[in-house]
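Readers should treat all values here as calculations from the given coordinates under stated rules, not as data from a laboratory. From a predicted model like this one, the values you see are computed outputs, not experimental measurements. Note that we place each Cβ from the backbone using ideal geometry, even for glycine, and neighbour counts take in every protein chain shown.
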Amino acid sequence: MTSIFHSSPPVRRWDLAAAIVLAAACPSFAQGLAAPPAIGGPAVAAHPYPRRVPAPSLSGDFEWVNTTKRLSLADFRGKFVLIDFWTFCCINCMHILPELKKLEHAYPNELVVVGVHSAKFAGEQDSGNIREAVQRYDIEHPVVNDANLTIWRRYGIQSWPTLVLIDPEGQAVWVGNGERKFEDVKAILDRGLPYYRSRGLLNTAPLSFVTKPESADTPLRFPGKILADEPGGRLFIADSNHNRIVVTNLAGKVQAVIGSGAIGRADGAFAQASFHHPQGMALAGDDLYVADTENHLLRKVDLAHRQVTTVAGTGEQGSGFPGPLANGRYGGLPLATPLNSPWALYVVSEDVYITMAGPHQIWRMPLAGGPIELYAGNGREDIVDGRRLPIRPYAMGFSSFAQPSGLASDGQRLFVADSEGSAIRSVSLEPAGRVATIVGVPGSLFDFGDIDGVGKTVRLQHPLGVVFYRGKLYVADTYNNKVKVLDPATRDCHTLAGTGEVGNEDSADGTLATFNEPTGITAADGKLYVADTNNHAIRVVDLTNGNRVSTLSLSGVSDSTAAEPDS
């Protein structure tokens, strides 16, 4: 959960008391929640929601996405309405989207879900970017662009995500912040449905106002991470929204496709195995490790025998703190320990390191077997330097991360793209090592921008990818639509490629090229390979040729069609 006031561990359970907290920021809520509404006679005592208040309006000069028209609460009269206050960068917001989809499918004629996208970052205020996020996350409900937090303030919201349930008469009856499960909201709905149905207040006629944009037929669909194998002359591309890994040579000729394209978690041969929006990858000999992000799993691909197996995770979303191990560590057996949105991977020596984006931590797992364990981060969403491991869960005074999403190393330390803090961090690999901030502002999740410079003067905007190559760090500065180069010794950071505008233009001069939310970055043979996510493409920055930017031409693969390996 990200708060605009402070950071704290994710809230897992909430009840009507949350609405009273909310009421402090919203007088209309406060007045209504103080006592049951006077709705007349004995029905008051029998009402399933004794505390109701009029729901603030959704109307105004807002752009709407995923729908044919601007909508208001009046359009939904007779339905339950579940409002989701979210922002598309937020991992906790991502976690509840599948729960919302379950609710939409379970109550297709009784419930309408409405997304209120209240942006944190400047790059999230643009309706075009929201539209891309709606497609990327396969959202099926209408979304309003609350770019200036107008609706957010009407409702007195304080953190992402927050859900508000409105009854068929337009009254707010429940508020829940933090990550909520299907069962949480189902219990609230099931309490009220008989009451409204018996009184003829429930309208079960289908509504048709959602118009999902057509998906383009492209070889890649929102590619996330990318990994270069320079000695082997290969690229491994996380074709995230096709739920597969595409393997090519450095010229883009497809050598293999790993995964059937169906969402799932099946192990087996390449054509039968399945993933759920995979992201980061790391190579150790003939084994490719894959962060199977939305399955909350770590998978291993035996490239020689063309087999996929699950090596860590249970398939259920975990917390940031598995069971205690010796010497103040936290961990457990890999296949018995739930993971939480593993996002990026990096192999150093005999271990694979994992950015666990959900609980804002770095984990480690021995390749040869042994417990998977917490390596750094106290579980609080923040930018705090210091000792790697907390003495107890969420203990203050220890290192904190903010949705770490990119990982690299020089062999002595890890480099972390700490996305929600718009920072690049370092984590020592020494036993008593510490965490430090290379660029970014410690203690702040809201200092972001697009400023080249040195150290604390540098501003990035939600960077998701980083690679260490020939002594420099190269950063996918995602919401700035740029690639930047950072010297970890001097902390000098400047733009290498990209104008900052959204686009898909190649250029002999890298600074004149355009990108659209680049998220993954890797390097080989004097070139950077960039997963240009919203362009559904791999871009190439030639470091030896004036940073010329081109687009990798893929051959041998089409939209979710498995290719045969080269003979």
Among Phe321, Ser274, Asn516, which residue has its Cα furthest toward the positive end of the charge dipole of the chain, with +1 on Lys/Arg Cβ and -1 on Asp/Glu Cβ?
Phe321
Rounded to the nearest 0.05, what FRET efficiency is calculated for Ala432 and Thr211 with R0 set to 51 Å and r the Cβ-Cβ distance?
0.35
For the range 226-551, rounded, prolate or oblate, judged on the Cα gyration tensor with a ≥ b ≥ c (square roots of eigenvalues), a/c < 1.5 rounded, else prolate if a/b > b/c?
oblate
Roughly speaking, what is the centre-to-centre gap between the range 69-109 and the range 437-457 when only Cα atoms are used, to the nearest Å?
34
For Leu333 and Arg77, calculate 0.36 nm times their separation in residues minus their Cα-Cα distance, and state this gained length in nm to one decimal.
87.1 nm
Would you mind getting me the FRET efficiency between Ala508 and Leu201? Use the beta-carbon distance for r and R0 = 56 Å, nearest 0.05.
0.30
Lys, Arg +1 and Asp, Glu -1 on Cβ, resulting dipole of the chain about Cα centre, debye, nearest 20
1460
Surface/4 estimate of mean projected area, convex hull on alpha-carbon atoms of the chain, nm²:
25.3
Modelled FRET efficiency - R0 22 Å, Ala122 with Lys69, Cβ distances, 0.05 increments
0.20
Reachable lysines, given that their alpha-carbon falls under 20 Å from the alpha-carbon of Lys101 and they are not under 8 places away in the same chain
Lys79, Lys181, Lys186, Lys212
Tilt of helix 127-136 relative to the longest C-alpha principal axis of the chain, in degrees (0 to 90, nearest 10)?
80
How many nm separate the modelled label positions at Glu316 and Lys456, each set 7 Å beyond the Cα in the direction of the Cβ?
4.5
For the range 166-211 versus the range 532-546, the gap between their alpha-carbon centres in whole angstrom
46
Once the Cα atoms of helix 182-198 and of the chain are each reduced to a long axis, what angle between those two axes, in degrees from 0 to 90 to the nearest 10, is obtained?
30
For the pair Arg306 and Asp190, how long in nm is the line joining their label points, each one 7 Å along Cα→Cβ?
4.7
